[in-house]
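Visitor: This is the structure I want to talk about, given as structure tokens.
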Amino acid sequence: MASTSHPGVMALPRVQCPNHPDACLVEDYRAGDMICPECGLVVGDRVIDVGSEWRTFSNEKALKDPSRVGDAQNPLLNGGDLTTMISKGTGAASFDEFGNSKYQNRRTMSSSDRAMLNAFKEISTMADRINLPRNIVDRTNNLFKQVYEQKSLKGRANDAIASACLYIACRQEGVPRTFKEICAVSRISKKEIGRCFKLILKALETSVDLITTGDFMSRFCSNLGLPKQVQMAATFIARKAVELDLVPGRSPISVAAAAIYMASQASAEKKTQKEIGDIAGVADVTIRQSYRLIYPRAAELFPPDFKFDTPVDKLPQL
């Protein structure tokens with residue numbers, strides 16, 4: 001048994017052959033042994049197989065899953081998820097004479113694990129609603145666990161902390177979502193998520209990159225069904241407007257929405273302020289305010305190779 005370590009990272013045990021440390025060990029699932037393919041030495045024995053005991057096929061009923069070993073270990077829970085979960089009974093023998101369930105999970109799971117498990121389910125549900133990948137969910141779960149164990153946000157609802165952790169995870173993974181998008185899939189107000197967001201950054205002493213107009217442009221244009229040429233023009237317009245300091249103090253989301261509106265009005269695929277506002281999550285008046293700031297220099301903002309369907313001087317003045 002050997003351990004490898006890197007600067008700033010906790011050393012993790014690594015099983016390797018003492019004579020051939022670089023060899024890839026072969027696992028004998030039947031015997032539970034780790035064998036060196038070079039010399040045949042049994043390096044590790046009694047290896048536990050954490051997979052399912054039998055295979056499950058898609059055409060089988062979900063209620064009759066013969067995977068008796070259970071789910072994979074969850075390192076986020078204190079017990080490593082090696083606890084017994086008793087499902088709800090359906091027969092008369094599962095209840096006493098007062099109608100109460102005879103078998104309950106409260107005795108086998110601590111209150112902290114139960115709270116974290118409920119939060120993880122809520123995070124997974126929110127992520128599914130806005131089609132976020134698994135790596136975002138994993139990062140969010142880790143953030144929530146750190147905050148929960150530090151007890152630095154006592155008095156705040158776990159749902160609010162989970163929503164703020166999801167927002168931070170999206171920012172850190174380079175796929176930011178707006179506060180309104182997180183609010184739409186949670187039961188927490190935007191103000192409460194914003195408060196938890198600031199408290200978590202302070203408690204964990206972490207940071208997130210500043211959002212830019214380019215972070216939202218491709219998603220907004222895709223949801224609006226705009227072609228690639230309009231998306232590239234809107235990205236160019238927004239970046240140029242920021243470089244020329246035409247939109248001081250305006251949020252990147254409102255600038256991106258105004259750039260999309262300008263690019264779409266100059267092309268054949270025209271979109272209204274309301275259509276863009278519904279996708280971007282900003283009000284029509286917000287788009288108009290940002291649009292008025294960039295309109296006077298519209299001729300300088302379009303890329304040189306843009307094919308105009310509507311000339312610059314014919315664009316809406318609002």
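The values are calculated or read from the model by the stated rules, or taken from the named source; none is laboratory data. These figures come from a predicted structure and were not determined experimentally. Note: ideal-geometry Cβ built from the backbone for every residue, glycine included; neighbour counts use all protein chains shown. All accessible areas refer to the heavy atoms of the entire protein, side chains included, with ligands and DNA or RNA removed. Shrake-Rupley method; radii C 1.70, N 1.55, O 1.52, S 1.80 Å.
Visitor: Please find, among R292, R250, the residue that is basic (K, R), open to solvent by 50 Å² or more (accessible area, probe 1.4 Å) and touching a residue at least 40 places away in the same chain (Cβ under 8 Å). Lay out the reasoning, then the answer.
Guide: Details: R292 fails: touching a residue at least 40 places away in the same chain (Cβ under 8 Å).
Of R292, R250, the one residue that is basic (K, R), open to solvent by 50 Å² or more (accessible area, probe 1.4 Å) and touching a residue at least 40 places away in the same chain (Cβ under 8 Å) is R250.
Visitor: Does K198 satisfy being of a type outside the set (A, V, I, L, M, F, W, C), at pLDDT below 90 and either assigned by the TED database to the domain that holds F120 or not in a helix (DSSP H, G or I) (or both)?
Guide: Numbers: of a type outside the set (A, V, I, L, M, F, W, C): yes; at pLDDT below 90: no; either assigned by the TED database to the domain that holds F120 or not in a helix (DSSP H, G or I) (or both): yes.
Here the answer is no, as K198 does not meet what is asked.
Visitor: Related question: V255 - would you say it is buried (at least 19 other Cβ atoms within 10 Å of the Cβ), out of contact with any Pro (no Cβ under 6 Å at 6 or more places or on another chain), among the β-branched types (V, I, T) and farther than 20 Å from P227 by Cα? First the steps, then the outcome.
Guide: Working: buried (at least 19 other Cβ atoms within 10 Å of the Cβ): yes; out of contact with any Pro (no Cβ under 6 Å at 6 or more places or on another chain): yes; among the β-branched types (V, I, T): yes; farther than 20 Å from P227 by Cα: no.
No; evaluated as a whole, the condition is false for this residue.
Visitor: Just wondering, is there one or more residues in segment 210-232 that are part of a helix (DSSP H, G or I) and over 30 Å from L301 (Cα atoms)?
Guide: Going through segment 210-232, the residues part of a helix (DSSP H, G or I) turn out to be 214-224, 228-232.
After this cut, where a residue has to be over 30 Å from L301 (Cα atoms) as well, the list is none.
No, segment 210-232 contains no residue that is part of a helix (DSSP H, G or I) and over 30 Å from L301 (Cα atoms).
Visitor: Any idea which of (1) surrounded by 14 or more Cβ atoms within 10 Å (Cβ to Cβ); (2) out of contact with any Ser or Thr (no Cβ under 9 Å at 6 or more places or on another chain); (3) over 18 Å from I123 (Cα atoms) is the one L204 doesn't satisfy?
Guide: Failed condition: (2).
Visitor: Go through segment 279-318 and count every residue that is closer than 14 Å to K240 by Cα and outside any helix (DSSP H, G or I).
Guide: Here is the first cut: in segment 279-318, the residues closer than 14 Å to K240 by Cα are 290-291, 293-304.
Still in the running and outside any helix (DSSP H, G or I): 302-304.
Looking only at that region, the number is 3.
Visitor: For segment 121-173, what are the residues that are in contact (Cβ under 8 Å) with a residue 40 or more places away in the chain, in contact with a Lys or Arg (Cβ under 9 Å, 6 or more places away or on another chain), open to solvent by 50 Å² or more (accessible area, probe 1.4 Å) and among the charged types (D, E, K, R)?
Guide: If the condition is that a residue be in contact (Cβ under 8 Å) with a residue 40 or more places away in the chain, in contact with a Lys or Arg (Cβ under 9 Å, 6 or more places away or on another chain), open to solvent by 50 Å² or more (accessible area, probe 1.4 Å) and among the charged types (D, E, K, R), then R156 is the only one that fits.
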